[in-house]
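**Student:** Can you keep this structure in mind? I'll have questions shortly.
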Number of protein chains: 2
Amino acid sequence: MNVKSETNYKKFWDEERETRSKEERDIIILNRIQEQLEYVYNELPFYRKIYDSHNFKPSDVQSLDDFTEKVPIITKKMLVAEQKENPIFGGYAGNFSEDEIARIHGSSGTSGTPTFYRVSKDDWNRAADVHAMAQWAAGIRPNDIMQIAFPFALFFGGWGVLQGAERIGATAFPTGPMETERQLDLLFKIRPTVFSATPSYCLHLAKKGKELGYDMANCSVKRLLVGGEAGGSLPNTKKALEEGWGASVHDCASTSEMYPFQTNVECVAHQGVHVYTDEVYAEIVHRENPNVRVESGVRGGIVYTHLWRKSQPMIRFWSGDESYIADETCSCGRTYPRLPEGVLGRLDDMLIIRGANIYPSAVENIVRSFQWSGPEFQIIAEKKGELDEMTVKIECLEEKYSEEQIGTWKQEAEAKLKVNLGIRVKVIIVKTGVLDETIFKAKRVVDLR
Amino acid sequence: MNVKSETNYKKFWDEERETRSKEERDIIILNRIQEQLEYVYNELPFYRKIYDSHNFKPSDVQSLDDFTEKVPIITKKMLVAEQKENPIFGGYAGNFSEDEIARIHGSSGTSGTPTFYRVSKDDWNRAADVHAMAQWAAGIRPNDIMQIAFPFALFFGGWGVLQGAERIGATAFPTGPMETERQLDLLFKIRPTVFSATPSYCLHLAKKGKELGYDMANCSVKRLLVGGEAGGSLPNTKKALEEGWGASVHDCASTSEMYPFQTNVECVAHQGVHVYTDEVYAEIVHRENPNVRVESGVRGGIVYTHLWRKSQPMIRFWSGDESYIADETCSCGRTYPRLPEGVLGRLDDMLIIRGANIYPSAVENIVRSFQWSGPEFQIIAEKKGELDEMTVKIECLEEKYSEEQIGTWKQEAEAKLKVNLGIRVKVIIVKTGVLDETIFKAKRVVDLR
């Protein structure tokens, strides 16, 4: 079945768009920004209120620098408060008749009230094309069969991946999350060429598959399209995924507020995720001052802007993700800037332990470098007297091991964590099954302070 | 929000098709049947083998009577055996390249091995239009908001409903099944005009909603689009749904083998479900001899035929459902035949108790006629010595009741069941929570014999 010759297909989804010069693209971006600013200021009370309170007017923006320096950011907290004050979709929803709306979705709402998203038909249709463009860059073609294990429900989850696959004309096999054994059974029966889920779920499947006797490293899957959490760009997590599945890993790093969210996708050249800045504009800014842009190569917070979306557009949305940008053209020929290491971590998730800034993703990258480590791990932060203590529980892949072996691994792990994180960390090696199995997004941090 | 004027919209989705005369339609149907027979005989080994073993040739069919009398049926059992013998899709899958396939789905496989369905792009696209046509007849319009609580996963479940809503241009709010409280919370926040799920789940929500203090009978929902199991056409179940939701109920009676499965849908005139016979042809045949057609108005088994589908077409598929047909034109103007009472029950589900044929759907219809009955009930068949015994456990809606009251209800229920079913039945009235709550398809029968 799985014919994989790519030569029959065009290289780019939209060559003119994907290969135009930075200068040309910046002109388009500025035009779109100006139009969006006029729109949100004149039509959406939420933005009018914020901009007025900052004495900001759309006409103040005459350059991309103006945009960064003059336009106030918005945050998730502000969106939640706004929907509470002006239910159901908030004063940033846009004035659409029922006939013009394609979809209503919501955040998973695990931490209380869900946020609701209303997507117009134009925006929904446009998203399908953008997702297809990004997936095409990741090598997805009409002759691919894509098993999608992201959930299809209230949350955008799998819907965006499905949209892209459908628009490309690949075969969609949308299973959603299900019992691990069933998911694997379907994988080896249907033999998809692409598998799409969170990196942690993919790691979990690789391990379980091996345990159940499947030849995972030689399975039908050629590409893993991962997202929904950091991991797909962490070198050691990526390596574990590549080796576990015998597949190429394509990270997709964005956030559901920014639907179309597959705008940051890793291409076949694997030089980081492309940022489709003429669809969703991305700025890397100072983490303490979002009106200061940092230079290429310098870490900062990512601020996103919808250049086309009219239903619930986000203008300078503070994602909370940290990254850095590279401007050089990727060897694939696409001229978009890149996040060479994807999203490095969420600024909100950062732990401060005895003055050190610890990202769970940094811990993950170290954990994944141990050959003996299983898919699950857990970071526990607690107060011991006056001092912060950090413990990392790491699942051991092997079923049988000696006390001596465990002792050696523990020492090595503690040493490596100390060197990389700059603080002393206690390691506890646990057996498989002690930590909860991840079937959607992983929960890694327990902060008891 | 919910503007519901239908006057701005056209009455029919495809007026010429939906209102043509029986004679004209029969010519089209016969042409399609002849083309499909040639196709499956020449291209699909599964059919070739069966037809050859029956000495049947496509050219034997020169009339619709020939079709019924001469073409052997196929059964679910045969399909399962075929996929086992010729994995994965069986010798009835059709010869398609990966580029031509839109979707892969599977049966829920609750009873062992799942059956797999491969749908070509042409067939998938056609299904969207057919589902839109059927939903349009049920009154769904672009200004509707449809909360879809069928699952979106391996099984066709909610996908068909979504396809129709999308093609119409209604707003889709695909929640899938979830915790009852969350589903209700979303219902009262988003205020959909249409809700789509199984009848048993809708009954469950109506009851729970009332308990939680929601004004269910005055909720935003104007139409319930139900299916996936019998119930939507049972008079007393329908009445309970109408009263519980203050909504119009539209049954959709088909089976997943026959995707596009929304070909039997109840229109706004509520005179039974229309059968879109020029898409999926339906014959009502003698239950013991599927090559004998029964007359209009006479009960029999439903045999379905895909007139257009090329990927895994079903030709004379024995659905196991029992119904009868009415030929007179519906007052809505559509000239399709109707199943005036939808699907009466599954022949396979029929219990034989002391020689009497008992359909769970007949029991359900009686149970729903009791004002005091809750959403759940259970039928238990067991052997007591030499004799079959049947017990019906009925959930009581009220929280508080006297022993005396229970005694009276029990007597009344036993009397009514005896009159209607022709046999003595024991009734046990149980409190809410004793029987499992239904959140997808109900399981009503426990046969201990």
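The values are calculated or read from the model by the stated rules, or taken from the named source; none is laboratory data. All figures in this text were calculated on a predicted structure; none of them were measured in a lab. No Cβ is skipped: glycine too gets one built from the backbone with ideal geometry, and neighbour counts run over all protein chains shown. Only protein heavy atoms, including side chains, enter the accessible area calculation; ligands, DNA and RNA are left aside. Shrake-Rupley method; radii C 1.70, N 1.55, O 1.52, S 1.80 Å.
**Student:** Of the numbered conditions (1) among the aliphatic types (A, V, I, L, M); (2) modelled with pLDDT of 90 or more; (3) surrounded by fewer than 22 Cβ atoms within 10 Å (Cβ to Cβ), B:Leu339 fails exactly one; give the number of that condition.
**Tutor:** Condition (3) is where B:Leu339 drops out.
**Student:** Say whether the condition of being modelled with pLDDT under 85, open to solvent by less than 30 Å² (accessible area, probe 1.4 Å) and either in contact with a Lys or Arg (Cβ under 6 Å, 6 or more places away or on another chain) or among the polar types (S, T, N, Q) (or both) is met by at least one residue in region B:376-399.
**Tutor:** Taking every residue of region B:376-399 in turn, none turns out to be modelled with pLDDT under 85, open to solvent by less than 30 Å² (accessible area, probe 1.4 Å) and either in contact with a Lys or Arg (Cβ under 6 Å, 6 or more places away or on another chain) or among the polar types (S, T, N, Q) (or both).
**Student:** Consider only pairs whose beta carbons are under 8 Å apart and that are at least six residues apart or on different chains; among these, list those whose first residue lies in region B:84-98 and is more than 13 Å from chain A (Cβ to nearest Cβ) and whose second residue is open to solvent by less than 100 Å² (accessible area, probe 1.4 Å) and among the polar types (S, T, N, Q).
**Tutor:** B:Tyr92/B:Gln312; B:Gly94/B:Ser120; B:Gly94/B:Ser311; B:Gly94/B:Gln312
**Student:** Check every one of the strands (runs of 3 or more DSSP E) wholly within region A:357-449 and list those with 3 or more residues that are under 27 Å from the mean Cα position of the chain (by Cα) and in contact (Cβ under 8 Å) with a residue 60 or more places away in the chain.
**Tutor:** It comes to A:373-384, A:445-447.
**Student:** Within region A:62-87, can you find the residues that are within 23 Å of A:Glu295 (Cα to Cα) and of a type in the set (Asp, Glu)?
**Tutor:** A:Asp65, A:Asp66, A:Glu69 - these are the residues of region A:62-87 that are within 23 Å of A:Glu295 (Cα to Cα) and of a type in the set (Asp, Glu).
**Student:** Tell me whether region B:199-220 contains one or more residues that are open to solvent by 10 Å² or more (accessible area, probe 1.4 Å) and within 14 Å of another protein chain (Cβ to nearest Cβ).
**Tutor:** Within region B:199-220, not a single residue is open to solvent by 10 Å² or more (accessible area, probe 1.4 Å) and within 14 Å of another protein chain (Cβ to nearest Cβ).
**Student:** Step by step: first the residues of region A:221-237, then only those that are in contact with a Ser or Thr (Cβ under 6 Å, 6 or more places away or on another chain) and open to solvent by less than 10 Å² (accessible area, probe 1.4 Å), then the one that is nearest to A:Asn420 (Cα to Cα). Which residue is that?
**Tutor:** A:Gly231
**Student:** Which condition number does B:Asn143 fail, the rest of (1) within 12 Å of chain A (Cβ to nearest Cβ); (2) more than 18 Å from the chain's Cα centre (by Cα); (3) closer than 23 Å to B:Lys238 by Cα being met?
**Tutor:** It is condition (3) that B:Asn143 fails.
**Student:** Restricting to region B:203-220, and then to whatever is under 21 Å from the mean Cα position of the chain (by Cα) and hydrophobic (A, V, I, L, M, F, W, C), can you tell me which residue is farthest from B:Glu243 (Cα to Cα)?
**Tutor:** Among those residues, the one meeting the criterion is B:Leu205.
**Student:** Being surrounded by 18 or more Cβ atoms within 10 Å (Cβ to Cβ), touching a residue at least 12 places away in the same chain (Cβ under 8 Å) and not aliphatic (A, V, I, L, M): is that true of B:Arg334 here?
**Tutor:** Against the criterion (surrounded by 18 or more Cβ atoms within 10 Å (Cβ to Cβ), touching a residue at least 12 places away in the same chain (Cβ under 8 Å) and not aliphatic (A, V, I, L, M)), B:Arg334 qualifies.
**Student:** Checking B:Ser63 against (1) in contact (Cβ under 8 Å) with a residue 24 or more places away in the chain; (2) loosely packed, with under 13 Cβ neighbours inside 10 Å; (3) within 14 Å of chain A (Cβ to nearest Cβ), which test does it fail?
**Tutor:** (3)
**Student:** Mind listing just one residue for me: the one in region A:158-186 that is under 24 Å from A:Asn125 (Cβ atoms) and more than 10 Å from chain B (Cβ to nearest Cβ) and, of those, most open to solvent (accessible area, probe 1.4 Å)?
**Tutor:** Across region A:158-186, the extreme among qualifying residues is A:Arg167.
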